[in-house]
Each structure stands twice: as C-alpha cells, then as structure tokens.
Amino acid sequence: MRCNDALELQSALLDGELGARESRDVEAHLAACTHCQATLKDLQDLSGSLRAQAEYFRAPPDLRSRIGRRFEPSRVLPPAQASPRRSAPGFSLPSWWPGWGMGAAVPVAAAILAFTVGVQFAGAVGR
C-alpha cells in the first residue's frame, strides 16, 4: 500500500469503517511508515479534542418515549400486513395509475427519446 492510499483510509480506520482486509493493509503500512504514523496520531488527537469539546444534548423524556413506542415489537406489522409507504405526506397516486398511467408513460418517454435522438442526428448531419 502506498502512502496516498493509507492516508485516504486513515479516517475510516479510526472510525472502524474498514473491512478486515483493508484494516490489515492500512495497519501493515502504518507499522512501516513513520510519516503515516504521525498523520494518524494527529488525526487521533484531533478526534479526541473534538469529542472532549463537543456538547451532548439528551433528548427530552417525552420524545424518547414517543420514539421508543414507535419501535416496540408489538407495533411492527409483519411484511404481509404492512401498509405501503407514501412518497410524500398527503400524496397518493390515483387508482388508475398502475394500469393506464404506466401504459401512457412508456410511449411518451419513447417518443421524447426518439425526438431527442432525431434532433441530435439531424444536427450532426447538417454540419
């Protein structure tokens, strides 16, 4: 592993985001490279300093209980009973959309594509 590769992966190594193979490769490089060792030490110092100075805000008890109730096992429906999620609050597709809407959308998309290609082709021929 080269220094550039190791330097790019040091933050992920520090956060525990690398797989076993990548971690092993970076750690092997660090064992032999004093420059990358110093860079990792600086990164560790910066991370520790940020954690020490960061403020931590605990969620109010009522918010914590509301979130906890949302994820209670008894409230989670099995996949067969789960209702479909809407893409936006208060918005749903009309009941005719799956049949007629998609049936109309595909030819319209094909016509737009054909028109665009035709215009591009005509412009290339005319030059």
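The values are calculated or read from the model by the stated rules, or taken from the named source; none is laboratory data. Because the structure is predicted, anything quoted here is derived from the model rather than measured. Every residue, glycine as well, gets a Cβ built from its backbone with ideal geometry; the counts of neighbours run over all protein chains shown. Heavy atoms of the whole protein, side chains included, go into the accessibility calculation; ligands, DNA and RNA do not. Shrake-Rupley method; radii C 1.70, N 1.55, O 1.52, S 1.80 Å.
Probe radius 1.4 Å, ligands and nucleic acids left out: which of 29, 35 has the largest accessible area, and how do the rest follow?
35, 29
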ask   = What nm value, rounded to one decimal, do you get for the distance between residue 34 and residue 67 when each label is placed 7 Å out toward the C-beta?
value = 4.7 nm
query = Hey, with R₀ at 35 Å, roughly what FRET efficiency would residue 105 and residue 41 work out to, going by the Cβ-Cβ distance, to 0.05?
reply = 0.05
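Once the Cβ-Cβ distance between residue 117 and residue 56 is put in as r, and R0 is 35 Å, what FRET efficiency do you end up with, to the nearest 0.05?
Values: r = 57 Å, r/R0 = 1.62.
Between residue 117 and residue 56 the formula returns 0.05.
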remark   = Ranking 119, 26 from most to least accessible area with a 1.4 Å probe gives 119, 26
task = Could you tell me the accessible area of residue 64 in Å² (1.4 Å probe, neighbours in place), rounded to the nearest ten?
result = 120 Å²
ask   = By average Cβ neighbour count within 10 Å, what is the ranking of 37-47, 5-15 from highest down?
value = 5-15, 37-47
